[in-house]
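Scroll down for the structure; my scribbles are underneath it.
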Amino acid sequence: MAVSTRNVAILGATGSIGRATLDVVRSLGDPWAVWGVSGHSRVDELGQIARQDTPAVAALTSDADPKSLDLPRGTRLLTGPDALVEMAVAPEVDVVMAAIVGRAGLESTLAALEAGKRVALANKEALVVGGPLVHAMRKNGGELLPVDSEHSAIFQCMTTGGGTLAEGKKSVRKLILTSSGGPFRTWTTAQMRNASIDDALKHPTWNMGRKISIDSATMMNKGLEVIEARWLFDIPAEKIEVVVHPQSIIHSMVEFEDGSILAQLSPPDMRLPIQYALTYPERMPCIAPPLDRSRAWDLTLEPVDHDRFPALKLAFEVARVGGTAGSVVNAANEQAVALFLDGQIRFTDIVPACRMALENHQHESDPTLQRLLQLDRWARAEVQRWSCGMQA
Ligand SMILES: NC(=O)C1=CN([C@@H]2O[C@H](COP(=O)(O)OP(=O)(O)OC[C@H]3O[C@@H](n4cnc5c(N)ncnc54)[C@H](OP(=O)(O)O)[C@@H]3O)[C@@H](O)[C@H]2O)C=CC1
Ligand SMILES: CC(=O)[C@@H](O)[C@H](O)COP(=O)(O)O
Ligand SMILES: [Mn+2]
């Protein structure tokens, strides 16, 4: 019997998650196929990927000259502001890998869900911003499967034994997100004040894109993940906890009403959660290596130091109030991280910039998409102005 195709559209194929997804799809082989890929600034890489995987469609989302993109015959080029949405909703696509960084991935994620696709979601910012619209997003049968390692772990713990997420959720007492603690886990605030860009990019356990690496260093990544968990699992912020686990082997845990805690363990390699989001509910052999049990491992847990890492308190506030708060804090964070990476503000200015934007905005609990996008632009401008004031 012929097996039906499993066509994957990889939005953000040139990035860290995008490349890991290509590895996974290539290794799964037939019936899995790379149907579409997108890239933004890395035009040569996009061309290389297209020549290796011969997708039906390649999207170039930046203003870069498409003439420099060397595509194979048979690959159709998409450009312009609607290219990602066009790829995400194409009838041939079975699964959309949302691997764009930042708010830029929001519209295509929403469109894919509205078109009833399975969305493998790495792009946590899309949910942090668009979380209030999440129920509407799923109404046409679209499925949201977590790729973020913590959320994949929680999803796996809650659905273990083949139950549905809704069944697993009934008896949950706490979702316990683990954090590596980032490169500054043992640094004082004074040391962090003088942290260089290279210091902040040096993640102890994961090799990731620049923006998420800085987020891990401020622990805003964990904050965004708290908000992501709140929307993804439709669970109140009060039922979410964070614990520091420097080895990044326990990817997260779920505590049930009887006090039992389930955890998901594997070496830090995104190919496992990526594959699970694609093949769920099936488990298949994966190219990510399993945990080596022939050697000794220390698996340690520590409480979060909220004084040194104020991003978490801020994120819990956002997760509690919902509405427009996620859009504002996410945009402020994206802008502040970009300013830090550009050498214009200090590492320790990032979280205060987010706090300032959150406090200067008028909260609304039931925003439209247009309002969320408007506030995204407002918060970026607000942080930009704030940073100019600091330099004056
Ligand atoms: N890396 C990881 O291990 C993990 C990442 N995530 C999340 O996954 C997402 C991707 O992260 P990561 O792969 O590390 O990031 P990268 O920076 O490595 O890749 C980002 C991708 O998005 C594209 N992109 C950037 N800006 C735009 C834009 N304005 N419009 C369209 N496309 C754009 C990039 O294209 P180009 O490179 O061509 O410019 C690239 O393909 C993030 O939301 C991150 O938080 C979650 C868990 C783990
Ligand atoms: C791989 C992944 O999911 C990242 O989000 C990772 O968790 C980052 O590490 P931190 O725990 O340091 O934020
Ligand atoms: Mn994560």
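A short reminder: the numbers here are calculations on the coordinates, not readings from a lab. Given the structure is predicted, the values throughout are model-derived calculations rather than measurements. Here Cβ is always computed from backbone atoms with ideal geometry, including for glycine, and neighbour counts include all displayed protein chains.
Per-structure values
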| read-out | value |
| --- | --- |
| Sparse-neighbour loop sites [chymotrypsin sites (Phe, Trp or Tyr not before Pro); segment 295-392; at most 14 other C-beta within 10 Å; DSSP] | TRP297 |
| For segment 301-392, with +1 on Lys and Arg beta carbons and -1 on Asp and Glu, the positive-most of ALA381, VAL351, HIS361 along the dipole | ALA381 |
| Modelled FRET efficiency - R0 25 Å, ARG320 with LEU265, Cβ distances, 0.05 increments | 0.25 |
| Which listed pairs, of LYS124/LYS202; LYS124/LYS170; LYS117/LYS313, have C-alpha distances above 26 Å, in listed order | LYS117/LYS313 |
| Residue-by-residue Karplus 3J(HN,Hα) for segment 318-323, coefficients 6.51, -1.76, 1.60, Hz, glycine and proline x | 5, 4, 6, 8, x, x |
| Range in the chain, longest, excluding exposed trypsin sites (Lys or Arg not before Pro) [loop by DSSP; at most 14 other beta-carbon atoms within 10 Å] | 296-392 |
| Cα→Cβ-extended label distance, 7 Å offset, between ASP342 and ARG26, nm | 3.5 |
| Two-site FRET efficiency, ASP198 against ASP65, from Cβ-Cβ distance with R₀ of 45 Å, rounded to 0.05 | 0.90 |
| Under-5 Å amide H pairs with ALA115, H placed in peptide plane, nonlocal only | none |
| Charge dipole magnitude, Cβ of K and R +1, D and E -1 - the chain, Cα centre, debye nearest 20 | 140 |
| Debye intensity ratio in log₁₀ form over the Cα atoms of the chain, taken at each q of 0.10, 0.11 Å⁻¹ | -0.64, -0.78 |
| Inter-site label distance for ASP258 and ASN140 at 7 Å from Cα along Cβ, in nm | 4.3 |
| Charge dipole magnitude, Cβ of K and R +1, D and E -1 - segment 6-146, Cα centre, debye nearest 20 | 240 |
| Table column - 3J(HN,Hα) (Hz), segment 48-58, Karplus curve with 6.51, -1.76, 1.60, x for Gly and Pro | 4, 4, 4, 5, 6, 9, 6, x, 5, 9, 10 |
| Stretchable slack from GLU359 to ARG51, in nm (0.36 nm times residue separation minus alpha-carbon distance) | 106.0 nm |
| Residue-by-residue Karplus 3J(HN,Hα) for segment 148-165, coefficients 6.51, -1.76, 1.60, Hz, glycine and proline x | 3, 4, 5, 6, 5, 4, 5, 4, 5, 5, 6, 10, 4, x, x, x, 7, 4 |
| Angstrom value of the Kirkwood radius, inverse mean 1/r, which spans all Cα pairs in segment 6-146 | 14.7 |
| Bins of 10 Å from zero: percent of alpha-carbon pairs in segment 272-392 | 12, 29, 22, 23, 12, 2 |
| Once exposed loop GluC sites (Glu not before Pro) are cut out (DSSP; at most 11 other Cβ, 10 Å), longest piece of the chain | 1-256 |
| Theoretical gain in end-to-end length, THR186 to LEU369 [0.36 nm per residue, Cα-Cα removed] | 61.9 nm |
